[in-house]
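Have a look at the structure below before the remarks.
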Amino acid sequence: MKKEEHYLQVAIHRLLTLNNVFHFAVPNGGLRNIRVASALKAEGALSGVSDLILVLPNRIIFVELKNGKKGVQSDSQKYFQSKVQELGFEYIVWRSVDDCTEFLRELVNK
């Protein structure tokens with residue numbers, strides 16, 4: 001994960017935690033040696049999985065984090081998005097803390 005996206009994810013994690021949104025990260029990135037990568041793949045690790053998963057009452061949201069307008073989804077991330085949406089789940093790309101803040105505002109107003 002790029003440093004900018006790391007800091008974005010840390011800030012968003014803190015914001016979600018402060019707002020009592022149950023969520024978790026999927027540590028799918030980073031450099032790994034071939035043995036560890038093979039073991040993770042054997043356990044079911046999947047390329048392209050979103051960075052965060054939010055679990056709300058009767059609602060699961062997959063959140064991909066990208067750095068501003070520069071960040072683009074990889075092909076595996078686009079594939080994951082399509083599968084998630086085909087199954088009826090929400091998939092969101094957040095590019096800033098403001099995106100998360102807006103989501104939280106909408107959540108409170110529902």
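The values are calculated or read from the model by the stated rules, or taken from the named source; none is laboratory data. Computed from a prediction, not measured in an experiment: that's the story for all the values here. We place every Cβ from the backbone using ideal geometry, glycine too, and count neighbours over all the protein chains shown. Surface accessibility is based on the protein's heavy atoms, side chains included, excluding ligands, DNA and RNA. Shrake-Rupley method; radii C 1.70, N 1.55, O 1.52, S 1.80 Å.
Going through the DSSP H helices of the chain, which span 20 Å or more along their own axis at the Cα atoms while scoring at least -0.5 as a mean Kyte-Doolittle hydropathy? Qualifying helices, which must be both long enough and hydrophobic enough, are 3-18.
Once the 1.4 Å probe is applied to the protein heavy atoms, the chain comes out at 69 Å² accessible per residue. Look at the Cα gyration tensor of the chain: its axes a ≥ b ≥ c give a/c of at least 1.5 with a/b over b/c, and that counts as prolate.
Each Lys and Arg adds +1 at its Cβ and each Asp and Glu adds -1 at its Cβ; summed about the Cα centre, the chain shows a dipole of about 280 debye. Only helices enter this figure: runs of n ≥ 4 DSSP H residues, each worth -39500 (n - 2.57), summed and divided by the residues of the chain, yield -14500 deg cm²/dmol at 222 nm to the nearest 500. If a paramagnetic tag sat 7 Å from the Cα of Leu46 along the Cα-Cβ line, which residues of segment 82-101 would have the backbone N under 18 Å from that point? Output list for this probe position: 82-93.
Once the chain from Thr101 to Ser76 is taken as fully extended at 0.36 nm per residue, the excess over their C-alpha distance is 6.3 nm. Taking each residue as 0.36 nm, the span from Ala39 to Ile53 lengthens on full extension beyond its C-alpha to C-alpha distance by 2.8 nm. Considering only protein heavy atoms and a 1.4 Å probe, what is the carbon-and-sulfur percentage of the accessible area of the chain? So the carbon and sulfur contribution to the accessible surface is 57 percent.
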